[in-house]
Amino acid sequence: MSTRAAFLHASAEMVAAVDLVVCRPVDALGFIRAAARGDRRAARVMTAVDDALHQLDAAPPRSPLLCAACPQPLRPGTAYSFVVHLPVDERTPYGFALGICRRCATSRAEVRRKAVAALRVEMPGLRVVEATHASGGRA
Ligand SMILES: [Zn+2]
């Protein structure tokens, strides 16, 4: 592999490498506290979740945002989890959050598995990094 090809390959790997963070309703307070203590990853998670909540609130009733794993609408005030897609490269400051409905989200592992499946439809080259951080434990 030439140097240029190796560089392009490494760049593509960086773009495709993501840290997926599960944020269930019971996890939110821990992320908020960690962000308040200066945890950058927790702050990125909460920024993405906050953006998703604003989108949920702003969605017209006739075209609500849908669960990432099934056609169930995500309505404000109902319980759902988020999976936050954070680029590993922190120069990209923000990630985005996918909502997973309560029916699909039976456990942390199930939320994660369904989010990876949904993301791989759009990004077949997605590489999920197993990151361990103070906030939220193992990603
Ligand atoms: Zn669902």
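Among Val116, Val121, Val111, which is the only one that is β-branched (Val, Ile, Thr), over 13 Å from the mean Cα position of the chain (by Cα) and part of a helix (DSSP H, G or I)? Quick ask: steps written out before the conclusion?
On the way: Val116 fails: over 13 Å from the mean Cα position of the chain (by Cα); Val111 fails: over 13 Å from the mean Cα position of the chain (by Cα).
That would be Val121, the only listed residue that is β-branched (Val, Ile, Thr), over 13 Å from the mean Cα position of the chain (by Cα) and part of a helix (DSSP H, G or I).
Being more than 15 Å from the ligand (Cβ to nearest atom) and among the hydroxyl-bearing types (Ser, Thr, Tyr): is that true of Thr47 here? Before the answer, list the steps.
Details: more than 15 Å from the ligand (Cβ to nearest atom): yes; among the hydroxyl-bearing types (Ser, Thr, Tyr): yes.
Considered against the rule, which asks whether it is more than 15 Å from the ligand (Cβ to nearest atom) and among the hydroxyl-bearing types (Ser, Thr, Tyr), Thr47 comes out as yes.
Tallying residues that are part of a loop (DSSP other than H, G, I, E, B) and either in contact (Cβ under 8 Å) with a residue 12 or more places away in the chain or of a type in the set (Lys, Arg) (or both) within region 40-79 yields 12.
Would you confirm, using the coordinates I've provided, whether Thr106 is part of a loop (DSSP other than H, G, I, E, B), surrounded by fewer than 20 Cβ atoms within 10 Å (Cβ to Cβ) and either within 14 Å of the ligand (Cβ to nearest atom) or at pLDDT 90 or above (or both)? Spelling it out, Thr106 is indeed part of a loop (DSSP other than H, G, I, E, B), surrounded by fewer than 20 Cβ atoms within 10 Å (Cβ to Cβ) and either within 14 Å of the ligand (Cβ to nearest atom) or at pLDDT 90 or above (or both).
Quick one: would you say Val26 is at pLDDT below 90 and farther than 22 Å from Leu126 by Cβ? Give the steps one after another, and end with the answer.
Values: at pLDDT below 90: yes; farther than 22 Å from Leu126 by Cβ: yes.
Considered against the rule, which asks whether it is at pLDDT below 90 and farther than 22 Å from Leu126 by Cβ, Val26 comes out as yes.
The values are calculated or read from the model by the stated rules, or taken from the named source; none is laboratory data. The model shown is predicted, which means the values in this text are computed figures rather than measured ones. For neighbour counting, all protein chains shown are included, and Cβ atoms are generated from backbone atoms with ideal geometry for every residue, glycine included.
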